[in-house]
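Inspection log for the structure reproduced underneath, given as structure tokens.
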Amino acid sequence: MYYPYGVLPEIDVMPNRKERSERIKLLDRVLVKDIAHLGRPLKEHLIGTHDLLDQWQNSKSVCLAGLFHSIYGTKTFSPAALTTESRGDVRMLIGEQAEALVFVFGMSDRKRLLLENRSPPYRWIDHRTGEQTEICDDFLNNLVEIEVANFIEQMPFRTGKADSVIQAMRHRFESTTSRMSAGARETFCRAFDEHSGSANVSAQQGW
């Protein structure tokens, strides 16, 4: 059986400053400038996610997927720069593998993706239809990596009931640490430990 998401990650080098700039310019061809995300432009979040993936030495496709990861909207973030009818155009812009990651990231039930794929066969579940599609191990690893970058980048901007959300995400990530790159795993542990320390201090001081 042919699985459309059974692609292998390519190997490439970290982008230089010019290449990074060219990647970011791709976002200007997608209408994200008027979309807000946690009180700031969505574009800032997308670039921040891309830069974390770069720092962790991910492939070009994974980094580009991080740069575009929510342009179709997601289960928890409804504003969409493009509909999925534009998938062909996005493939032309960032490549087939990166677009496939963007599509699955946006359309999947990511809670179940992280918590339920403990052993093969691995699947993603479309949050709109409930349809399940099998994916390969590497593709799942890439989705986990993007999710870690996505959430860590936005942690400083979360307010209100953020602590319960952050702790829930920590639980999800702890079940997938073996799928993370060394850089993602180290950043994940540091970010959540620092958050726990800050929360404890705030509670002790009555904030």
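Laboratory data are not the source of any read-out in this text; all were calculated from the coordinates shown. Since this is a predicted model, take the numbers as computed values, not measurements. Neighbour counts are summed over all protein chains in view; Cβ atoms, including those assigned to glycine, are modelled from backbone coordinates with ideal geometry.
Go through (1) surrounded by 15 or more Cβ atoms within 10 Å (Cβ to Cβ); (2) of a type outside the set (Val, Ile, Thr); (3) touching a Lys or Arg at 6+ places or on another chain (Cβ under 8 Å) one by one and return the number of the condition residue 132 breaks.
(1)
Kindly list, by first and then second residue, each pair from a residue in the stretch 124-147 that is within 15 Å of residue 57 (Cα to Cα) and without any contact (Cβ under 8 Å) to a residue 60 or more places away in the chain to a residue that is assigned to a loop (DSSP other than H, G, I, E, B) and not small (Gly, Ala, Ser), limited to pairs with Cβ atoms under 6 Å and residues at least 6 apart or on different chains.
From residues that are within 15 Å of residue 57 (Cα to Cα) and without any contact (Cβ under 8 Å) to a residue 60 or more places away in the chain, the pairs are 144/176.
Is the stretch 103-110 home to any residue that is in contact with a strand residue (DSSP E or B) (Cβ under 8 Å, 6 or more places away or on another chain), assigned to a strand (DSSP E or B) and either surrounded by 14 or more Cβ atoms within 10 Å (Cβ to Cβ) or touching a residue at least 60 places away in the same chain (Cβ under 8 Å) (or both)? Quick ask: steps written out before the conclusion?
If we filter the stretch 103-110 for residues that are in contact with a strand residue (DSSP E or B) (Cβ under 8 Å, 6 or more places away or on another chain), which is where we start, we get 104, 107-109.
Those left that are additionally assigned to a strand (DSSP E or B): 108.
In the following step, the residues that additionally are either surrounded by 14 or more Cβ atoms within 10 Å (Cβ to Cβ) or touching a residue at least 60 places away in the same chain (Cβ under 8 Å) (or both) were identified as 108.
Checked against the condition, which is being in contact with a strand residue (DSSP E or B) (Cβ under 8 Å, 6 or more places away or on another chain), assigned to a strand (DSSP E or B) and either surrounded by 14 or more Cβ atoms within 10 Å (Cβ to Cβ) or touching a residue at least 60 places away in the same chain (Cβ under 8 Å) (or both), the stretch 103-110 yields at least one hit.
With 67, 42 as the choices, which residue is without any contact (Cβ under 8 Å) to a residue 40 or more places away in the chain, touching a Ser or Thr at 6+ places or on another chain (Cβ under 8 Å) and not aromatic (Phe, Trp, Tyr)?
Values: 67 fails: without any contact (Cβ under 8 Å) to a residue 40 or more places away in the chain.
Going through 67, 42 in turn, just one is without any contact (Cβ under 8 Å) to a residue 40 or more places away in the chain, touching a Ser or Thr at 6+ places or on another chain (Cβ under 8 Å) and not aromatic (Phe, Trp, Tyr): 42.
Quick one: which of 126, 138, 109, 89 is touching a His at 6+ places or on another chain (Cβ under 9 Å), among the acidic types (Asp, Glu) and farther than 15 Å from residue 46 by Cα?
Working: 126 fails: touching a His at 6+ places or on another chain (Cβ under 9 Å); 138 fails: touching a His at 6+ places or on another chain (Cβ under 9 Å); 89 fails: touching a His at 6+ places or on another chain (Cβ under 9 Å).
Just one listed residue meets the conditions, 109.
Pick from the stretch 42-88 the residues that are over 14 Å from residue 105 (Cβ atoms) and of a type in the set (Lys, Arg): which of them is surrounded by the fewest Cβ atoms within 10 Å (Cβ to Cβ)?
Out of the qualifying residues, it is 43.
If a residue must be closer than 16 Å to residue 97 by Cα and either among the aliphatic types (A, V, I, L, M) or not in a helix (DSSP H, G or I) (or both), how many such residues does the stretch 134-156 contain? It would help to see each step written out before you state the result.
We begin by selecting, within the stretch 134-156, every residue closer than 16 Å to residue 97 by Cα; these are 134-146.
Add one more test, that the residue is either among the aliphatic types (A, V, I, L, M) or not in a helix (DSSP H, G or I) (or both), and what stays is 134-136, 140, 143-144, 146.
Of the residues in that region, 7 qualify.
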